[in-house]
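Below you'll find the structure, written out as structure tokens, and then a few comments.
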Amino acid sequence: MNFDQRMLMRLMESRNPGATRVMQGISDNTQLISVLVPATVAAVGLIDNNRTTLQKSLYLAESALASTFITYGLKYSVKRTRPYITNPALNAKGSGRDPSFPSGHTSVAFSTATSLYLAYPKWYVAVPAFAYAASVGYSRMYLGVHYPTDVLAGAVIGAGSAWLMYKANKWLFKKHSSTVPAF
């Protein structure tokens with residue numbers, strides 16, 4: 001067995017029912033959170049009639065979409081088989097219908113965390129955002145549905161797409177507006 005498979009087997013052997021339920025809850029709600037974060041920021045912007053906050057909500061949504069687009073392009077280009085299919089001894093506690101590499105859940109979680117931090121660069125934003133993103137990545141491995149390298153690639157794609165969208169938005173708003181958003 002290679003490193004990826006050994007790591008998943010160790011995680012499987014250390015599972016317990018309570019932790020498994022928590023990890024399933026984290027995984028099951030990842031997509032919802034990636035929609036709720038920009039929607040909540042947009043709602044605050046609308047309530048406060050704050051254009052900068054609305055621009056930040058758009059940036060958060062763009063980042064999640066960019067990471068999803070890149071992730072699914074790679075998934076169907078690489079077509080890596082899920083670990084529980086490759087190794088029948090691995091008892092997965094979740095499933096996935098699409099290819100394994102990279103982890104879409106991890107990608108969107110790190111995109112959400114990174115874009116949230118870049119939009120609001122405070123430690124009290126960064127710590128829970130990145131703790132959440134890391135817990136999503138860990139949950140995907142713990143449940144046996146992604147290899148560690150799938151999760152690592154997802155984290156890089158998510159953070160990278162958020163950074164690229166941040167730079168693109170700064171350039172776009174600087175070029176086409178006299179007011180640059182306070183990113």
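The table for this structure:
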quantity	calculated
Matching residues in region 1-26 - criterion: being outside any helix (DSSP H, G or I) and not aliphatic (A, V, I, L, M)	N2, S14, R15, N16
Close pairs (7 angstrom Cβ cut-off, 6 or more residues apart or separate chains): closer than 14 Å to F130 by Cα in region 152-167, of a type in the set (A, V, I, L, M, F, W, C) anywhere	G154/F110; A155/F110; G158/V108; G158/A109; G158/F110; A159/F110; A162/L118
Close pairs (6 angstrom Cβ cut-off, 6 or more residues apart or separate chains): closer than 19 Å to A162 by Cβ in region 26-52, among the hydroxyl-bearing types (S, T, Y) anywhere	S34/T112; V37/T112; P38/S57; V41/S57; A42/S57; G45/T53; G45/S57
Region 57-91: number of residues that are farther than 30 Å from N169 by Cα, buried (at least 20 other Cβ atoms within 10 Å of the Cβ) and not charged (D, E, K, R)	2
Those residues of region 45-56 which are of a type in the set (K, R) and open to solvent by less than 70 Å² (accessible area, probe 1.4 Å), in sequence order	K56
A168 among the aliphatic types (A, V, I, L, M) and in contact with a Pro (Cβ under 6 Å, 6 or more places away or on another chain)	no
Search result, residues across region 27-43 that are within 23 Å of F110 (Cβ to Cβ), part of a helix (DSSP H, G or I) and open to solvent by 40 Å² or more (accessible area, probe 1.4 Å)	D28, Q31, L32, I33, V35, L36, A39, T40
Count of residues meeting criterion [part of a loop (DSSP other than H, G, I, E, B) and open to solvent by 30 Å² or more (accessible area, probe 1.4 Å)] in region 99-129	4
Inter-residue pairs, beta-carbon under 9 Å, first farther than 14 Å from M1 by Cα and touching a residue at least 60 places away in the same chain (Cβ under 8 Å) and in region 73-91, second in a helix (DSSP H, G or I) and among the small types (G, A, S), 6+ apart	L74/A153
Matching residues, region 7-22, being within 24 Å of the chain's Cα centre (by Cα) and open to solvent by less than 100 Å² (accessible area, probe 1.4 Å)	M7, L8, M9, L11, M12, R15, G18, A19, T20, V22
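The values are calculated or read from the model by the stated rules, or taken from the named source; none is laboratory data. None of the values given here were measured: they were computed from a predicted structure. Methodologically, a virtual Cβ is constructed for each residue, glycine included, from the backbone with ideal geometry; neighbour enumeration extends over all protein chains shown. Just so you know, the surface numbers come from the protein's heavy atoms only, side chains and all, with ligands and any DNA or RNA stripped out. Shrake-Rupley method; radii C 1.70, N 1.55, O 1.52, S 1.80 Å.
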